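Novice: What follows is a structure written as structure tokens; I'll ask about it next.
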Amino acid sequence: QVQLVESGGGLVQAGDSLRLSCAASGRGPYAMGWFRQAPGKEREFVAAIAWSDGFTYYADSVKGRFTISRDNAKSTTYLQMNSLKPEDTAIYYCAADRSRRFAPGTGSHEYDSWGQGTQVTVSS
């Protein structure tokens, strides 16, 4: 199993930027994803990235504002979040899918390892 630890969350104002990090321990390959869950809502897909071919996929709500990347040498995945909006407020989770190297999925059930989450709060 891959152990995941997120960091980088915080309280920011609308329009600000944040970069989340997800440090992994455990051997690859695995696709990585970011999900988020706002109070009273279900967990939703944010972004995903393949192991090594650079393939990325984004939810429509964050496309053009968020960028997912990874550094396999550092076993770390990042989520750069720009132009943040109050509706981006949520707990953000990173997740690993060891069953696939390419074409990462968008469903939370496809991921077998999860971090503990990091809170992102965007004030208006």
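The values are calculated or read from the model by the stated rules, or taken from the named source; none is laboratory data. Since the model is a prediction, treat every value here as computed from it, not as a measurement. When we count neighbours, we look across all protein chains shown, and the Cβ atoms used for this are built from the backbone with ideal geometry, even at glycine. Ligands, DNA and RNA are stripped out before the accessible areas are found, and what is left, the full protein with its side chains, is counted by its heavy atoms. Shrake-Rupley method; radii C 1.70, N 1.55, O 1.52, S 1.80 Å.
Novice: Only one of Ile49, Ile91 is in contact (Cβ under 8 Å) with a residue 12 or more places away in the chain, among the aliphatic types (A, V, I, L, M) and out of contact with any Phe, Trp or Tyr (no Cβ under 8 Å at 6 or more places or on another chain); which? Full working, then the answer.
Specialist: Details: Ile49 fails: out of contact with any Phe, Trp or Tyr (no Cβ under 8 Å at 6 or more places or on another chain).
Matching residue, one of Ile49, Ile91: Ile91.
Novice: So in segment 70-91, with the set limited to residues that are under 11 Å from the mean Cα position of the chain (by Cα) and under 12 Å from Phe35 (Cα atoms), which one is surrounded by the most Cβ atoms within 10 Å (Cβ to Cβ)?
Specialist: Only one residue tops the list, namely Leu79.
Novice: Something else about it: What are the residues in segment 8-32 that are in a strand (DSSP E or B), surrounded by 20 or more Cβ atoms within 10 Å (Cβ to Cβ) and touching an Asp or Glu at 6+ places or on another chain (Cβ under 8 Å), if any?
Specialist: Within segment 8-32, Leu20, Cys22, Ala31, Met32 meet the criteria.
Novice: Across segment 54-69, what is the number of residues that are over 18 Å from Val2 (Cβ atoms), open to solvent by less than 60 Å² (accessible area, probe 1.4 Å) and either in contact with a helix residue (DSSP H, G or I) (Cβ under 9 Å, 6 or more places away or on another chain) or in a strand (DSSP E or B) (or both)? Walk me through how you get there before you give the answer.
Specialist: Step one: list which residues in segment 54-69 are over 18 Å from Val2 (Cβ atoms), which gives 54-67.
Pick out the ones that are also open to solvent by less than 60 Å² (accessible area, probe 1.4 Å) and you get 54, 56, 58-59, 62, 65-66.
Remaining after also requiring either in contact with a helix residue (DSSP H, G or I) (Cβ under 9 Å, 6 or more places away or on another chain) or in a strand (DSSP E or B) (or both): 56, 58, 62, 65-66.
Qualifying residue count, segment 54-69: 5.
Novice: Hey, does segment 37-53 have a residue that's within 15 Å of Gln119 (Cα to Cα), part of a strand (DSSP E or B) and open to solvent by 50 Å² or more (accessible area, probe 1.4 Å)?
Specialist: Yes - at least one qualifying residue is present in segment 37-53.
Novice: May I ask you to verify whether Val5 is of a type in the set (Val, Ile, Thr), farther than 12 Å from Thr106 by Cβ, touching a residue at least 60 places away in the same chain (Cβ under 8 Å) and open to solvent by 50 Å² or more (accessible area, probe 1.4 Å)?
Specialist: When the stated conditions are applied, Val5 passes them.
Novice: Still on this model: From the residues in segment 70-90 that are part of a loop (DSSP other than H, G, I, E, B) and among the hydrophobic types (A, V, I, L, M, F, W, C), which one is modelled with the highest pLDDT?
Specialist: First, pick out the residues of segment 70-90 that are part of a loop (DSSP other than H, G, I, E, B): 72-75, 82-85, 89.
From what is left, the residues that are among the hydrophobic types (A, V, I, L, M, F, W, C) are 73, 84.
Values: Ala73: 93, Leu84: 98.
Selected residue: Leu84.
Novice: Give Gly105, Gly117 a once-over and let me know the one that is in contact with an Asp or Glu (Cβ under 9 Å, 6 or more places away or on another chain) and either open to solvent by 70 Å² or more (accessible area, probe 1.4 Å) or at pLDDT below 95 (or both).
Specialist: Values: Gly117 fails: either open to solvent by 70 Å² or more (accessible area, probe 1.4 Å) or at pLDDT below 95 (or both).
Exactly one residue qualifies, and that residue is Gly105.
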